[in-house]
Amino acid sequence: MSIIQNWRLYESRYNLVGSVCRTCGKQYFPKSSFCSKCGSDKLTDETFSKEGTVYSFSKVNVSPYLFQKQTPYVVALIKLKNGPLITSQIVDSEAEKIKIGQKVKAVFRKISDEKKGEIISYGIKFRLL
Amino acid sequence: MYIIGTGLTKFGEHFEKSLLDLALEASVEAVKESGLELSQIDAVVVGNMLSDTLSSQGHLGALLSSSLGLNVEAFRVEAACASGGVAFKKGVDMLKAGQYQNILVVGAEKMCDHKSSEVVAGLTNAAHAEKESFYGLTFPSVYALMTQRYFYQYSIASKELAAVAVKNHYHGARNNKAHFPKEITIDTVLKSSVVAEPLTLFDCSPISDGAAAVVLSLEAKPEAVKVLSSEIATDSVALQDRQKITSIKATKIAAKKAYKNADVTIKDIDMLEVHDCFTIAEVIALEDLGFYKEGQAGQAAKLGHTYYNAKLPVNTSGGLKSAGHPVGATGVKQVIEIVHQLQGRAEGRQVNKAQLGLTHNVGGSGATAVVSILSSNI
Ligand SMILES: [Zn+2]
């Protein structure tokens, strides 16, 4: 992902900032400029809760090049408290202990290794509470 | 409109052949079988996902049509693993529009030339780059997330999924075009290495080379197969934006339209080729297509209901699992399997008295679905 692509998303990635539709209330992460539910373009920024529950998860053993140093790792769908369903990883936790419905908390982490000549990507991962 | 010719390469590792070689082989075979001259082909539609990522080659429409000696309208269609199915549907649409008489639809993919890490990265482009791939989600892990949630909501486990792979390999062992034409056991699946929990290597379709082609025509000939309907629907690319991850809404919408436009119900359908890129995908497909209630298709293969000689034959070609999954070719290969079954050409896996068949091709984790219904009654 290019430096500019990363820069465009940094607020969402670093601080869990997404969007809320002012017309119908639907939440988006990362930020969105258009509501696919009601067709409104009146969306405003909202910082979502750093807590959530595990909606689904998987321990990945076969990974892409930029993730090989952290393999195996656990990817997950997290339902944020009063927020949307988002995609991330669960770290600092024994994979065997992860279950659907468990509470998790956001932590700030390096996401993947950098491609030569590109910047390091940081963002939010989660750990079991 | 009618399918009047089919051409299919063997699926597998074709180190001696290029993407174009494979596409030409399938195309020439299909045109020959149709009884037409190449000069009677009015347009060429190519389904392919990865040629620019892996082979540094775009512009496949002109590449193929010119190599066939044609100067007709030609273009490529990309919809991840549904590229072939979408290409087929576009061919049908173009005939419906009335501008053309005969159209060649070709699905082709070349994957085995490349390192598996490059292929994995290319396939991951089907997922949402900013929402999924960025966080290390791979294609198998996206389906693993669906599987884990499915296991949580319904009472099946890895053993039931393994039975899907066993059944598809049983069929593939009877298909000489299959990439891995050999039977396996439940243990083969359960004891193979874990790719993304809970999916093992044998829950996943392989990386394959191959091409498939059909000639579509407004005019029937003896042995032609009629296209009753072909429909596409779409949904969010990222799992996180779906209403549910234990079913695929795009399949439900495409199927509903396909049944309506073909004027058939599921009771009329004799056999299915569904998109089993992972074993869980076949289970979910049988539910979304309406053959089982949600959460209840998990036992189908284990109970033997979906074998070629049972009540609902599913993936008699061996599916993506055993026949192989050269992504762009898959959707067209599914059509060819149904055509051959309806023509009584399926040899050791021939379904008894099949008259109506359905194909189901999915892109990504379900953001695109194509459902087509074919009939032997012309
Ligand atoms: Zn809205």
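The values are calculated or read from the model by the stated rules, or taken from the named source; none is laboratory data. If you're wondering where the values come from, they're calculated on a predicted model, not measured in any experiment. Here the Cβ positions follow ideal geometry from the backbone for every residue, glycine too, while neighbour counts run over all protein chains shown. These area figures cover heavy atoms from the full protein model, side chains too; ligands, DNA and RNA do not enter into them. Shrake-Rupley method; radii C 1.70, N 1.55, O 1.52, S 1.80 Å.
Relative to the dominant Cα principal axis of chain B, helix B:249-262 is inclined by about 40°. Here's the list of lysines a cross-link from A:K103 could span, going by alpha-carbon distance under 18 Å and ignoring same-chain residues fewer than 8 apart: A:K50, A:K59, A:K79, A:K81, A:K125. Name the shape class, rounded, prolate or oblate, that the alpha-carbon gyration tensor gives for the protein assembly as shown, where a ≥ b ≥ c are the square roots of its eigenvalues, rounded holds for a/c under 1.5, and otherwise prolate holds if a/b is larger than b/c and oblate otherwise. Since a/c reaches 1.5 and a/b is larger than b/c, the shape of the protein assembly as shown is classed as prolate.
Counting only other chains, what is the mean number of Cβ atoms within 10 angstrom of the Cβ of each residue in peptide A:77-88?
Working: counts 11, 1, 1, 0, 0, 0, 0, 2, 6, 5, 16, 7.
What the average comes to for A:77-88 is 4.
The C-alpha atoms of chain B define a longest principal axis, and helix B:139-153 lies at about 50 degrees to it. Its Cα centre serving as origin, chain A has a Cβ charge dipole (Lys and Arg +1, Asp and Glu -1) of approximately 220 debye. Charge tally around A:K59: other residues with Cβ under 11 Å, Lys/Arg +1 each, Asp/Glu -1 each, net -3. The calculated pair-distance distribution of chain B uses every alpha carbon pair, bins of 10 angstrom beginning at 0, and gives 6, 27, 37, 23, 6, 0 percent.
Would chain A count as rounded, prolate or oblate if I go by the C-alpha gyration tensor, calling it rounded below 1.5 in a/c and otherwise prolate when a/b exceeds b/c, oblate otherwise? List each step's numbers first, then the result.
Numbers: a/c = 2.31, a/b = 1.28, b/c = 1.80.
Taking the square roots of the gyration eigenvalues as a ≥ b ≥ c, chain A is oblate.
Can you pull the percent of the protein assembly as shown's accessible area that's carbon plus sulfur, 1.4 Å probe, other chains left in place? List each step's numbers first, then the result.
Working: 10030 of 19840 Å².
Roughly 51 percent, rounded to a whole number.
For chain B, the share of DSSP beta bridges that are antiparallel, to the nearest 5, is 70%.
Ligands, DNA and RNA are left out, and with a 1.4 angstrom probe the accessible area of chain B is 34 Å² per residue. With K and R counted +1 and D and E -1, the other residues having a Cβ less than 13 Å from that of B:L22 yield a net charge of -3.
Distance from the Cα centroid of the stretch A:48-77 to that of the stretch B:1-42 is 42 Å (rounded to whole angstrom). Centroid-to-centroid, using Cα positions, the stretch B:182-225 and the stretch B:314-341 are 6 Å apart.
Among the listed pairs B:K110/B:K244; A:K42/B:K252; B:K96/B:K260; A:K42/B:K257; B:K96/B:K257, which have their C-alpha atoms separated by more than 24 angstrom in this model?
Values: B:K110/B:K244 33 Å; A:K42/B:K252 31 Å; B:K96/B:K260 17 Å; A:K42/B:K257 33 Å; B:K96/B:K257 16 Å.
Check vs 24 Å cut-off fails for B:K110/B:K244; A:K42/B:K252; A:K42/B:K257.
Total buried accessible area between B and A, probe 1.4 Å, nearest 100: 2600 Å². Other residues with beta-carbon under 13 Å from the beta-carbon of B:E282 carry, at +1 per Lys or Arg and -1 per Asp or Glu, a net charge of -3.
Nearest 0.05, what FRET efficiency do B:D187 and B:A157 give at R0 = 22 Å with Cβ-Cβ as r? Please report the intermediate quantities before stating the final value.
On the way: r = 15 Å, r/R0 = 0.67.
The computed FRET efficiency comes out at 0.90.
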